[in-house]
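None of the figures in this text is laboratory data; all of them are computed from the coordinates on show. Quick caveat: nothing in here was measured; it's all calculated off a predicted structure. For neighbour counting, all protein chains shown are included, and Cβ atoms are generated from backbone atoms with ideal geometry for every residue, glycine included.
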Amino acid sequence: MRHLPVSFQRPPRRSSVRSTVRLVAIVCLAGIVFSAGCPNRSTSQQQQQQLRTRAQAAHIESRRYFDIAINDLHRLHEFNGGEMIGRIADQLNQWLKDQEPDPKWHPDPLVEQLPDEFRQLSVVQNLGEFTFNQSDANHLLVSYWFSRIADWAGGDTLDDLSRARALFDWTIRNIQLENQQSVPVLPSGVPLVPSLTEVLLLGRGSPLDRAMVFTELCRQEHLDAGIIAVQPNTPDGVGTWQVAFVGVLIEGKIHLFDPLLGVPVPNKRGFYLNNYGLLMAETATLEEAASDSAIVRQLDIGDTWQRLPDPSVLERVAVFIPAPPLALAQRMRRIEEELTGRDRFALYIDASAVAERFAAHPRVATVGLWSYPFEMVTQRVQYPNEIAQYTQARLQMLQLVLGDVAPLWRGRQLYFQGKLVGEDGAASFFQRARLSERQMSAMRLRPEEYAMFQHMKVTAAYWLGQIAMEQGNFDSAVEIFQNHILAQQQGIEWLSGVIFHLGRIAQLQRNYAQAVDWYQRDTFLPSRYGSLLRASKLVELASPPPQESPEEPTAEPDTQIDEGAGEGNAS
């Protein structure tokens, strides 16, 4: 990490100090009999100088803690699991001791609009605190991951919409939709909301988790993103707001993306095949979708499933700002302000400012904070033991150490940073996680341990396949997905992701029949909707146009054949 010079208060110039000393000496000598105060004045000045020197030294020492913490954050991939997270928290706590809270700071006004159960959460009650704990360190870590991903996933273009589309595409490629039957249900009867840390590390989640990942990536790129919610028409005229799309606000227009189907909402041009053979769509705006119901109808799957049964609900929408609770904390704003240059990334969100920009759109009826991130925290307060056990079981394979390294953990850190291949790239560590049967036999594993190592092996193979996709090594990706995942019993958990990637490869090879076949194999919900949509659009676009039946020829009078001509005149 590049260390920047620390700024501190310039000490008095030497000439000024000498002049001051001479002046004090003259005054003291002249009035020594009459004044006993001169020595005290000199002592006072010396004490003030000592205090300033000590303050400067304390500031430098405090800044050193900050620099070490950020340096450790950059080097986190060199350590196993989260062993460095606690150290980073301690260092930032030392730095915060020297920082003064802003007396004018107050929680974001949108916090007051949250339901009581969310406002009473300790993390919300302590938004103004200047103490850094383990949860704060996790927020720092996941925000750092998002910033590194956005650096390489957003592409090189300066165009905001192109960057948003690239970040959305990365999200869909990298966050497989979880089979809804495998999502645990809490005693309250509601599905468990995973943390952003889990979603990113495992590369799995719900459509809402995809929305959260996409909006966090947008925030790192300074793009305003929000959740577009609609209110279904009911007989009494009152309905709850339901999540429909993600909207990205660019130059006053809200561009729509669908995290469920994994496609941008297409504008009037509809879906098309680009120069590489991929199914594509230009992004519709909220105004376009609200003014023309045919826009949203393009997301329907024949007559069997409708994305929005009543597209007119887009005429009046709500926009909810996705903000992890800790992203609203004063201490996160202070840390973000201290970051400079390549070290800088987004930790804090001015949610009200973002909401105000969305509220200026004529189709936006109301704005607020999205409840989903607060539900995640609430669940962990209500069911700490159950969720801790489930989370530990899911992340256990990332904590497995082989030799002196946890290969999956280190590989994921490097992947987030865009370091995909090479001796110190993500692929090399994923390869380490793929132990052979001989190696596992030599370890004399218990049955449950063997199953865990097999799980790690299949997961590493899936991530190797993703890297092959990113590198354009499609033959290698096909071999990995088919032989090392689909052929393995534990590969079933990655089936939707494998189908997505194999269908994409078939498109790039312009083997559309194969792509359709892959998509139609997806039987899991909710990913099946997106797969069937892709299949139906490819059938429409890639099928050869029907052959027109040739018309019966009409003989002209001068070309008619005389039935008797030539008889007996064989040539």
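Assorted remarks:
- Gap separating the Cα centres of the stretch 118-180 and the stretch 263-277, nearest whole Å: 27 Å
- Pairs of alpha carbons in the stretch 396-542 whose separation is greater than 20 Å (percent): 53 percent
- Loop GluC sites (Glu not before Pro), the stretch 214-260, which have at most 11 other Cβ atoms in a 10 Å radius of their Cβ (DSSP): GLU251
- A dipole drawn for the stretch 177-328 from +1 and -1 charges on Cβ atoms has a positive end, and of ASN274, GLY252, THR304 the residue lying farthest that way is ASN274.
- Inter-label distance for VAL381 and LEU541, nm, one decimal - labels placed 7 Å from Cα along Cα-to-Cβ: 4.6 nm
- The stretch 361-378 and the stretch 409-439: distance between their alpha carbon centers, rounded to Å: 38 Å
- For the stretch 167-293, the square roots a ≥ b ≥ c of the C-alpha gyration tensor eigenvalues yield an a/c of 1.5 or more together with a/b not exceeding b/c, which makes the shape oblate.
- Sites listed here are trypsin sites (Lys or Arg not before Pro) in the stretch 303-349 whose DSSP assignment is loop and whose Cβ has at most 14 other Cβ atoms within 10 Å: ARG316, ARG344.
- Scattering from the stretch 59-171 was approximated by placing one identical point on each alpha carbon and applying the Debye formula without solvent; log10 I(q)/I(0) at 0.15, 0.20 1/Å stands at -0.92, -1.08.
- Loop-located GluC sites (Glu not before Pro) in the stretch 350-434, at most 12 other Cβ atoms within 10 Å (DSSP): GLU423
- Here the gap between LEU486 and VAL190, fully extended at 0.36 nm per residue and compared with their Cα-Cα distance, gives a gain of 103.4 nm.
- A simple spin-label model places pseudo-atoms 7 Å from Cα toward Cβ; at GLU100 and ALA388 they are separated by 4.0 nm.
- Bridgeable lysines around LYS253 (alpha carbons under 20 Å apart, same-chain partners fewer than 8 residues away excluded): LYS268.
- Backbone N atoms of the stretch 255-276 closer than 20 Å to the 7 Å Cα→Cβ label point of LEU508 belong to residues 262-264, 272-276.
- Here each label is just a point 7 Å from Cα along the line to Cβ, and for ASP159 and ARG64 those points are 5.0 nm apart.
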